[in-house]
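The values are calculated or read from the model by the stated rules, or taken from the named source; none is laboratory data. Just so we're clear, the structure is a prediction, and the values are computed from it rather than from any experiment. Using ideal geometry, Cβ is built from the backbone for each residue, glycine included, and neighbour counts are taken over all protein chains shown. The protein model used for the area step is the full one, side chains on, heavy atoms only, and it has no ligands, DNA or RNA in it. Shrake-Rupley method; radii C 1.70, N 1.55, O 1.52, S 1.80 Å.
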Amino acid sequence: MTPFIAPLALLIERWIGYPQRLTDLVGHPVIWMGRFIAFMERGVDKRERTPRQRREAGIFTVAVLLLVTLAIALVVQQLLRGIPFGWALEILVATPFLAQKELGRAVQAVATALGTSLDAGREAVSHIVGRDPQALDEAGVSRAAIETLAESTSDGVVAPWFWLVLLGLPGIALYKAINTADSMIGHMNERYRDYGWAAAKLDDVVNWIPARLSAVLITAACFFTQHASPGSAWAIAISDARKHASPNSGWPEASFAGALGFRLGGPRSYDGEVVDLPSFGDGKSELVDSDILRALVLYRSTLNVLLGVSAVLALLIWAA
């Protein structure tokens, strides 16, 4: 049953997610990783150190994080594979590292809130983006939600699935550790430019294939989504993805923009400072709450395509 762990994990996580009661009771693997990263940062990231020393401290932090994560994941995997029906428990252990249900719920909440009022939309979107919510108009809230949905389709769903298929439970756990470290310390600001260098670069490496695979899956999903263009999805991905400062984030974002005829990206405000960022696509930019709902339809179609690909791949591996 090992080949079927990935598709079944996708199916179960999409259906039930990670229950809030379980989070309240024992926490979540990402929360545990975040606490460990914060603990390491307090211990080794001293402001009086030179840039080189801080970079070395960051490398040490990431190395320790990955070693601890790998050790725990290997032990859990070996224990589960040594008991009857352990594969079923392995599926359940893998599901918290996927984010299909929570991502869809969070973006849906923005659309619902924005349909009520702009202030409610700003409040809802502030939970999923880092930009200044009060600087966003209705179109800005809508674009922020769709951009997050697109980018997180890759690093919250496709990438962890990819590493689960490739390396099993240790693979998906290691990926999530790297991605969590990047989200916490992998920033190119004065505080983290050196200390977070290793986390940011490693995150770029592990997302390189999944980001491009996400563009392929989004393009394929257009064939099953009304008013979505597979030709434009792929064409805009090829032409515009490279505009993004990240080597990976532009691929899913540009694919969504092309597929739905939107213009995403552009200038945005962080902590009162306006950052001039590139745009993706050449379509409609004055987006509204109904456009978020259109993006969610494409997102769910992409999940369906990914599940189908995962099931076929599992069958091929099992038959071989």
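Look at Asp182 and say whether it is within 29 Å of Pro3 (Cα to Cα), open to solvent by 10 Å² or more (accessible area, probe 1.4 Å) and either touching a His at 6+ places or on another chain (Cβ under 7 Å) or modelled with pLDDT of 95 or more (or both). Here the answer is no, as Asp182 does not meet what is asked. Selection of first residues in the range 1-29 that are under 17 Å from Asn304 (Cβ atoms) and of second residues that are hydrophobic (A, V, I, L, M, F, W, C) and at pLDDT below 85, restricted to Cβ pairs under 9 Å at least 6 apart or on distinct chains, gives the following pairs, ordered by first then second residue: Leu8/Met1.
Quick check: anything in the range 91-99 under 30 Å from Ile146 (Cβ atoms) and either in contact with a Gly (Cβ under 6 Å, 6 or more places away or on another chain) or open to solvent by 60 Å² or more (accessible area, probe 1.4 Å) (or both)? Yes, there is a match, as at least one residue in the range 91-99 is under 30 Å from Ile146 (Cβ atoms) and either in contact with a Gly (Cβ under 6 Å, 6 or more places away or on another chain) or open to solvent by 60 Å² or more (accessible area, probe 1.4 Å) (or both). The set of residues in the range 207-243 that are surrounded by 22 or more Cβ atoms within 10 Å (Cβ to Cβ) and either among the basic types (Lys, Arg) or under 30 Å from Arg49 (Cβ atoms) (or both) contains only Asn207.
Checked against the criterion of being under 19 Å from Arg263 (Cα atoms), without any contact (Cβ under 8 Å) to a residue 24 or more places away in the chain and not hydrophobic (A, V, I, L, M, F, W, C), the candidates Asp119, Asp137 yield just one match: Asp137. In the range 49-63, is there at least one residue being among the aromatic types (Phe, Trp, Tyr), under 24 Å from Ala200 (Cβ atoms), in a helix (DSSP H, G or I) and in contact (Cβ under 8 Å) with a residue 40 or more places away in the chain? The answer is no; no qualifying residue exists.
For the range 110-126, the criterion of a residue being within 25 Å of the chain's Cα centre (by Cα) and within 29 Å of Lys201 (Cα to Cα) is satisfied by at least one position. Among the residues that make up the range 127-139, is at least one of them buried (at least 21 other Cβ atoms within 10 Å of the Cβ) and either among the β-branched types (Val, Ile, Thr) or at pLDDT 95 or above (or both)? The answer is no; no qualifying residue exists.
Sort through Gly104, Gly82 and tell me the only one that's open to solvent by 50 Å² or more (accessible area, probe 1.4 Å) and not polar (S, T, N, Q). From the options Gly104, Gly82, the qualifying one is Gly82. Only residues that are open to solvent by less than 10 Å² (accessible area, probe 1.4 Å) and under 30 Å from Ala199 (Cα atoms) were counted in the range 249-261, giving 7. The sole residue among Trp32, Trp15 that is open to solvent by 80 Å² or more (accessible area, probe 1.4 Å) and more than 24 Å from Thr302 (Cα to Cα) is Trp32.
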